[in-house]
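The values are calculated or read from the model by the stated rules, or taken from the named source; none is laboratory data. On a predicted model such as this, the values are computed, not experimentally measured, just so you know. Cβ sites come from the backbone with ideal geometry, for glycine too, and all protein chains shown count toward neighbours.
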Amino acid sequence: MEIGASPLFRGISEESQQAMRTCFDMREVSFRADEVVYDFGAGRNMVGVLAEGAAVIERIDQQGSRTILERLESGGVFGEMLMFENVAGDSITVVAETACRVWFMAADQVTKRCEKACTHHTQVVENMFQLVAEKATSLYERVEVLSRRSIRDKLMCYFSLMAAKNRSGEFLLPFSLSALADYISTDRSAMMRELKKMRQEELVDVHGRKVLLQQGV
């Protein structure tokens, strides 16, 4: 992925992108699938940009239950400044789904006042604020899903949100069905049984990651 393809660096010229590597002291690190990319509890306060591959931000609570907070694809951004406070003290990490390349930079390098008054530095700060707003919207959507009482209601809420984003009743899930169960915080077997019932009632058709909401739903 070219550095400018990330939303953190939108609106920045190719020439400025090269200068930015030095300005932000960016370094690239490679990870294998299933390897921990970043631990939010380690106190590193970094900003990471997924240059290649896919990863998930996952939470493991005190009882050992796993919840997917967000899925990251090429261009995705993560870091403490984009997360809400972990008051429960749960383990929150970024884990590679596939082999990944990640660009890291210290958060204070991004947010501090630039001595050279670089225009690209100002643009990155503006982009960061935009990302924070987008993360807040994503959190609101997650709360909407998890606030539903039944598995069916959670699924229908999530599918409706995805259909609205894609402007179509037919869309691809951003992750596997196992990951979907983690995302809506429910047992995978129970979720699959509910999906089977919903298919029989002609509410929704699911094949792998492909979902079709039936008309009128």
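Observations
- For segment 104-128, the tally of residues that are at pLDDT below 80 and over 20 Å from Ser13 (Cβ atoms) stands at 4.
- Residue that is surrounded by the most Cβ atoms within 10 Å (Cβ to Cβ), among those in segment 158-197 that are of a type in the set (S, T, N, Q) and assigned to a helix (DSSP H, G or I): Ser160
- Given (1) part of a helix (DSSP H, G or I); (2) over 15 Å from the mean Cα position of the chain (by Cα); (3) surrounded by fewer than 17 Cβ atoms within 10 Å (Cβ to Cβ), index of the condition Leu155 fails: (3)
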